[in-house]
Structure formats: C-alpha cells, structure tokens
Amino acid sequence: MAGPLTDQEDAFGHALYDHLHGRRGHEIIERNDGYIDIAASDMGRYFRSFPEWPAHERHVMRHLRGRVLDIGCGAGRVLLHAQAQGLEAVGVDISPLALEVCRRRGGTTLYQLGIADIDGKLGTFDTVVLMGNNFGLFGNARRAQRLLRRFHRWTSAEARIIAQVADPYRTDEPLHHAYHEANRERGRLAGQLRLRVRYKRYRTRWFDYLFVSQAELEQIVSGTGWRLVEVIESGGPSYDVVLEKV
Ligand SMILES: C[S@@+](CC[C@H](N)C(=O)[O-])C[C@H]1O[C@@H](n2cnc3c(N)ncnc32)[C@H](O)[C@@H]1O
C-alpha cells in the first residue's frame, strides 16, 4: 500500500463511524467502468452480533480456534465474537476509523495494517479470518498466491483460513458480463474488479478486488501450501470456505 489512508480516503471508516453515532451510513461502490452499486444501504450489517448473522456465517465459525487474526476487521463483528469465545483475537485494517469504531466496541488488540503488510511480527496464528467477502482483498490471482504462501509462514501447523468469497458469475446483469469479458481480453481473471468505495465526499483509492468461482479458487490455492476443505453456500452470490495446510 502506498502510505496510510488519509481521512479523505477513509470512506468506509466514516460510514461505520456515522453508524456508530446514530447517523445513517451507507457504502457505495464505484467500478472503473463507471458502474455504481450500493454495497450496503445500511451499515448495520457490519455491527450485528453473532446470533443475528446469517446461518452460513454462524456455521463456518465452528472452525474458529486458538489465536485468531481478523484481516479487514471493520467494526469488528468477527473479532468481538472470537473475544467473546475467550479466544485471543488480533484485528488489522487499513481504515483508521474502522479501527476506532472496533476499539470503542471492545476490540482490544488492533493494528492499522494492510493484508500485504502482515508478517511474523504479530506472532503465530491458528485461525486467519477474511469475512465480509474479504477474500477479495487478495486483489488478483498472483497476489493471492504470494500472500497465501506468506500466511503459511506465520501460522501454526494446524492453522486454518476462514474466508468469504464472492462468485462473479452468479449474476444476470449484462454490464457485469461485459466487464468480465473485457477483463478476460486484458488477461485478467473475469472477477478481478477495480473499485473504490465512496461515501459523502470521501472516496478510497482505487483497488483490485477479487471475485472467484470455486474452481478458480481451487486453482489459486493449489501450490500455496493450503487446500480447500469445506465450502458453505450462502444461497446468494457469496460462499464461505475453510482452507487448511496441505
Ligand atoms: C466489507 S468490510 C468487512 C468487515 C468485516 N470483516 C466484516 O465481515 O464485518 C472490508 C474491510 O476491509 C478493510 N480493508 C480494505 N482494504 C484492506 C486491505 N488492503 N488490508 C486490510 N484491510 C482492508 C476495510 O477498511 C473494511 O474495514
């Protein structure tokens, strides 16, 4: 990442912060072909406590154990759940305001770090969490492979990765299909999206966000020291996965 986020770039954090303070927040996504979507019309979903989560998310949390690293922890719903289970949980996020919101909600061990900046300095982890479609933070296939190999080094022998993945192909929107085709022509994976988050006058930097099918995921994971051991369908465009060491 090219330097820490400025306040002007902390669009997601501002939306969380407003929600925490009883003001309406929302999350708008802008794609680089000009397509605009509402990712969250209400930030409440990022604050829900465990019993309010969808069944597939509650189900995948059975794999949470040991020392937990929540990457892109946001307002901390998974981190707080792990803490409530008596687990030692560390949260990282690039958004200063997300971390502030998470801290105010009870998150104890938080660092402003990007997914690519995590190294052995945080110690060894038994569970790595990438929920809220955060598999997307890998950005592209090569970066995902590089980072998965790196994750291998600072995780225990029995470690697992719990990730939520968005499948780009579960759509009938012609503009998404056209975007996929344009990506393929440029040698990118169809679901390698170039996005930024907008809120009020705040906007993040442009970043790559990776949507993959299960077959693409298996291809990416192969040779990284991890293997897919479980897939839990959401009944919607995303699915949850558990990866373990080979
Ligand atoms: C969609 S939210 C998910 C929040 C949380 N995991 C959940 O499930 O409620 C994505 C989070 O990832 C953070 N994020 C974005 N890019 C990141 C990066 N490169 N490294 C770490 N966190 C990042 C955002 O600031 C945001 O808090």
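If the condition is being more than 9 Å from the ligand (Cβ to nearest atom), over 15 Å from residue 79 (Cβ atoms) and exposed (fewer than 14 other Cβ atoms within 10 Å of the Cβ), then segment 95-124 contributes 119, 120, 121, 123. So, of the residues in segment 216-246 that are open to solvent by less than 10 Å² (accessible area, probe 1.4 Å) and assigned to a strand (DSSP E or B), which turns out to be nearest to residue 172 (Cα to Cα)? Among those residues, the one meeting the criterion is 239.
Kindly evaluate residue 8 against the criterion of being touching a residue at least 24 places away in the same chain (Cβ under 8 Å) and either of a type in the set (Phe, Trp, Tyr) or farther than 18 Å from residue 136 by Cα (or both). Reasoning before the result, please.
Details: touching a residue at least 24 places away in the same chain (Cβ under 8 Å): yes; either of a type in the set (Phe, Trp, Tyr) or farther than 18 Å from residue 136 by Cα (or both): yes.
Spelling it out, residue 8 is indeed touching a residue at least 24 places away in the same chain (Cβ under 8 Å) and either of a type in the set (Phe, Trp, Tyr) or farther than 18 Å from residue 136 by Cα (or both).
If we scan segment 79-86, do we find a residue that is at pLDDT below 95 and open to solvent by less than 50 Å² (accessible area, probe 1.4 Å)?
No, segment 79-86 has no match at all.
Search segment 125-150 for residues being within 20 Å of residue 76 (Cα to Cα) and in a loop (DSSP other than H, G, I, E, B), and hand back the single one that is farthest from the ligand (Cβ to nearest atom).
Looking only at segment 125-150, we keep the residues that are within 20 Å of residue 76 (Cα to Cα), and these are 125-138.
Checking which are in a loop (DSSP other than H, G, I, E, B) leaves us with 131-133.
Values: 131: 4, 132: 3, 133: 6 Å.
This residue is 133.
Does segment 163-180 include one or more residues that are exposed (fewer than 12 other Cβ atoms within 10 Å of the Cβ), free of Cβ contacts under 8 Å to residues at least 12 places away in the same chain and on the phi > 0 side of the Ramachandran plot? No, segment 163-180 contains no residue that is exposed (fewer than 12 other Cβ atoms within 10 Å of the Cβ), free of Cβ contacts under 8 Å to residues at least 12 places away in the same chain and on the phi > 0 side of the Ramachandran plot.
Screening 170, 205, 196 for residues that are modelled with pLDDT of 95 or more, farther than 22 Å from residue 225 by Cα, touching a helix residue (DSSP H, G or I) at 6+ places or on another chain (Cβ under 9 Å) and part of a loop (DSSP other than H, G, I, E, B) leaves exactly one candidate, 205. What about residue 38, is it under 19 Å from residue 164 (Cβ atoms) and more than 12 Å from the ligand (Cβ to nearest atom)? Judged against the criteria, residue 38 is a match. Please tell me if residue 64 is open to solvent by less than 60 Å² (accessible area, probe 1.4 Å), in contact with a Phe, Trp or Tyr (Cβ under 9 Å, 6 or more places away or on another chain) and at pLDDT 95 or above. So residue 64 does not fit the description; no.
The values are calculated or read from the model by the stated rules, or taken from the named source; none is laboratory data. These figures come from a predicted structure and were not determined experimentally. No Cβ is skipped: glycine too gets one built from the backbone with ideal geometry, and neighbour counts run over all protein chains shown. We work out accessible area using only protein heavy atoms, side chains counted, and drop any ligands, DNA or RNA first. Shrake-Rupley method; radii C 1.70, N 1.55, O 1.52, S 1.80 Å.
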